[in-house]
Amino acid sequence: MAPTPPTRREVLLLAMLLLVILFFSNSEPPPPPSPTLPLTPSAPVLEAHTPQPLDTRLTWGSSRPPETTIASHVPGWTILDKLYILKGVVYIVSDSPSTIPDVRYIYSKGLAIKPGQEEDQKRLPTDRHIRVISTKEARKLFGTSAQTIDGFSFLVNDPPQFITHYYHWSAELWFGFWRAYSSLDPSISPEGNTTLVPPRRIMFNHLDNVHWRDYADMNQLVLRSSFPSVSMEFVDDWRDRAEMGKAFVFERVLVADRSAAMLSFNYARYQRTAAAAFALPGSMSWWQPIRNNVVEFAGVDPEVGSGTTGKPVITYISRQNWGRRMLIPEHHDRLVQELHRIRNEYGYEVNVVEAEHMSRVEQIRLAARTTIMMGVHGNGLTSLVWMKPNPRSTVMEFFFPQGFAHDYEYTTRALGMVHYGFWNSEYFTSPGLPTPQYVEGFQGKEIPIDGEAVARLCVERLSLNSEVDD
């Protein structure tokens, strides 16, 4: 019996199946699936999520401008919110002018510091420099708005005279700035934790952008390691704003003024402009945020040098090749011998160094580890600000007999450490301090020192004998 021929429907289905097979046999195989990458946190979004105008102005329209408020003040160190500037003049806007300190304690002409009462008078400000005005006057002067200088700013109304020097930068300007600012956070922890925001900018309205660095290149290291993101403005930038003829307003600004600080009681006592800021409230650990940033930048754990059980480090900063303020050569040699003797006897680490032959980072690293720092009065002792305060922390400063200056003594004590001044074998400490004076021989090359007396005091300090006796 012959097979039944396929129906038309079966032929059609078979043809369609052949076409499908032919199509897929000529196509490329699909690529293998890509491996799945783990999710990673995205970078911070720097753009606004929704379009909006750039917020560059403080606008009050037909109302009166917001008043200036003072967040903190002592002579020479003033923190203000809503401080205005127009055509180079600083304006404090207030309808209660009796609540505003005398402007000579806030701002000056920014002239060089010269001795004498006549020179003091020359530096006092006039209406061409700073004014206190009412909101009605401000509305007339400024119009309906002011350009905003946002965030926290640091305005230095000082001449270039003292800025290009490691000590005056770090232990006066930076020291006073942070001590005044830290008054807004009296709970800074021993670890250096703080609620304070870093400054956005530091502004010098009498200084160009060339003459702020010091010969040792320490100023820029301290600045950039303290606040890596801070920007800087100089006299040309100040003039730019003045020439625009428009009002600008600081959201918050700390105004530093050396001449104003020199009118303070603490300056009269210690001859240090930063001393004025210490009349403000503050934490015992006020300096730790700055110190920690700088020593960490130098590659050192901020906790190095803390406590009283580790191996003590004695650092003698020699000036014997500096040319002035040098020890009698034989006395220098005997001091080194005595330091090596107590090293061998007690196991201390002793370093005899010349700062000018060390890198900047090396100086900070060594200072951060140092328990006792010593040397003739001079710039090298500035690095005491990177020491870690503890009950053994000590600075010993050598003077020509009867000579004395508060520079490093006050700085040491402001950090909670102990300072001793030496006149050969005689030494003194606060509160029994001599009257500051630059006697003949102060700057000379024949400063005497009793190395045995220095070594004996080192042992006493490192064994904490005075605390036991108490």
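Being crowded, with 20+ Cβ neighbours inside 10 Å and under 30 Å from residue 268 (Cα atoms): is that true of residue 65 here? Write out each step before concluding.
Numbers: crowded, with 20+ Cβ neighbours inside 10 Å: yes; under 30 Å from residue 268 (Cα atoms): no.
Considered against the rule, which asks whether it is crowded, with 20+ Cβ neighbours inside 10 Å and under 30 Å from residue 268 (Cα atoms), residue 65 comes out as no.
Residue by residue through segment 229-284, note down the ones that are assigned to a loop (DSSP other than H, G, I, E, B), without any contact (Cβ under 8 Å) to a residue 60 or more places away in the chain and farther than 29 Å from residue 65 by Cβ.
Listed by number, the list holds a single entry, 229.
State yes or no: is residue 167 in contact (Cβ under 8 Å) with a residue 12 or more places away in the chain, over 15 Å from residue 68 (Cβ atoms) and assigned by TED's automatic domain parsing to the domain that holds residue 83? Break it down into steps so the answer makes sense when it comes.
Numbers: in contact (Cβ under 8 Å) with a residue 12 or more places away in the chain: yes; over 15 Å from residue 68 (Cβ atoms): yes; assigned by TED's automatic domain parsing to the domain that holds residue 83: yes.
Yes, satisfied.
May I ask you to say which residue of 107, 91 is surrounded by 20 or more Cβ atoms within 10 Å (Cβ to Cβ), in a loop (DSSP other than H, G, I, E, B), of a type outside the set (A, V, I, L, M, F, W, C) and touching a strand residue (DSSP E or B) at 6+ places or on another chain (Cβ under 7 Å)? Walk me through how you get there before you give the answer.
On the way: 91 fails: in a loop (DSSP other than H, G, I, E, B).
On inspection, the qualifying residue turns out to be 107.
Do we have residue 172 as over 20 Å from residue 200 (Cα atoms), of a type in the set (D, E, K, R), assigned by TED's automatic domain parsing to the domain that holds residue 217 and surrounded by fewer than 19 Cβ atoms within 10 Å (Cβ to Cβ) here? Reasoning before the result, please.
Working: over 20 Å from residue 200 (Cα atoms): yes; of a type in the set (D, E, K, R): yes; assigned by TED's automatic domain parsing to the domain that holds residue 217: yes; surrounded by fewer than 19 Cβ atoms within 10 Å (Cβ to Cβ): no.
It is false that residue 172 is over 20 Å from residue 200 (Cα atoms), of a type in the set (D, E, K, R), assigned by TED's automatic domain parsing to the domain that holds residue 217 and surrounded by fewer than 19 Cβ atoms within 10 Å (Cβ to Cβ).
How about segment 373-470: which helices (runs of 4 or more DSSP H) wholly inside it have at least 3 residues that are over 21 Å from residue 332 (Cα atoms) and free of Cβ contacts under 8 Å to residues at least 12 places away in the same chain?
Qualifying helices (runs of 4 or more DSSP H): 465-469.
Does residue 330 fit the bill of being at pLDDT 95 or above, in contact with a His (Cβ under 7 Å, 6 or more places away or on another chain) and either surrounded by fewer than 20 Cβ atoms within 10 Å (Cβ to Cβ) or closer than 26 Å to residue 269 by Cβ (or both)? Talk me through it step by step, then tell me what you get.
Numbers: at pLDDT 95 or above: yes; in contact with a His (Cβ under 7 Å, 6 or more places away or on another chain): no; either surrounded by fewer than 20 Cβ atoms within 10 Å (Cβ to Cβ) or closer than 26 Å to residue 269 by Cβ (or both): yes.
No; evaluated as a whole, the condition is false for this residue.
Within segment 135-154, is there a residue that is of a type in the set (Phe, Trp, Tyr), under 27 Å from the mean Cα position of the chain (by Cα), buried (at least 16 other Cβ atoms within 10 Å of the Cβ) and at pLDDT 95 or above?
Scanning segment 135-154 turns up at least one residue that is of a type in the set (Phe, Trp, Tyr), under 27 Å from the mean Cα position of the chain (by Cα), buried (at least 16 other Cβ atoms within 10 Å of the Cβ) and at pLDDT 95 or above.
Give all pairs with beta carbons closer than 6 Å in which a residue from segment 50-72 that is in the same structural domain as residue 282 (by TED's automatic domain parsing) meets a residue that is surrounded by fewer than 15 Cβ atoms within 10 Å (Cβ to Cβ) and among the acidic types (Asp, Glu); count only pairs at least 6 apart in sequence or on separate chains.
none
Please pick out the residue among 300, 304, 294 that is in contact (Cβ under 8 Å) with a residue 40 or more places away in the chain, in contact with a helix residue (DSSP H, G or I) (Cβ under 6 Å, 6 or more places away or on another chain), β-branched (Val, Ile, Thr) and assigned to a helix (DSSP H, G or I). If you could, list the steps in order and put the result at the bottom.
Numbers: 300 fails: assigned to a helix (DSSP H, G or I); 304 fails: assigned to a helix (DSSP H, G or I).
None of the others qualify; the one that does is 294.
Could you please find all residues in segment 110-131 being in a loop (DSSP other than H, G, I, E, B) and surrounded by fewer than 18 Cβ atoms within 10 Å (Cβ to Cβ)?
Filtering segment 110-131 for residues in a loop (DSSP other than H, G, I, E, B) gives 110-116, 123-129.
Within segment 110-131, 111, 112, 113, 114, 115, 116, 124, 126, 127, 128, 129 qualify.
Find the residue count for segment 337-389, including only residues that are under 27 Å from the mean Cα position of the chain (by Cα), surrounded by 15 or more Cβ atoms within 10 Å (Cβ to Cβ) and hydroxyl-bearing (Ser, Thr, Tyr).
Residues flagged as under 27 Å from the mean Cα position of the chain (by Cα), surrounded by 15 or more Cβ atoms within 10 Å (Cβ to Cβ) and hydroxyl-bearing (Ser, Thr, Tyr) within segment 337-389 amount to 4.
I'm checking my understanding of the structure. Among residues of segment 211-253 that are among the polar types (S, T, N, Q) and out of contact with any helix residue (DSSP H, G or I) (no Cβ under 8 Å at 6 or more places or on another chain), which one is farthest from residue 197 (Cα to Cα)? If you could, list the steps in order and put the result at the bottom.
At the first step, the residues of segment 211-253 found to be among the polar types (S, T, N, Q) are 219-220, 225-226, 229, 231.
Next, from what is left, pick out any that are out of contact with any helix residue (DSSP H, G or I) (no Cβ under 8 Å at 6 or more places or on another chain): 220, 229, 231.
On the way: 220: 20, 229: 12, 231: 14 Å.
Result: 220.
The values are calculated or read from the model by the stated rules, or taken from the named source; none is laboratory data. This one's a predicted model, so the numbers in the text were calculated from it and none came from an experiment. No Cβ is skipped: glycine too gets one built from the backbone with ideal geometry, and neighbour counts run over all protein chains shown.
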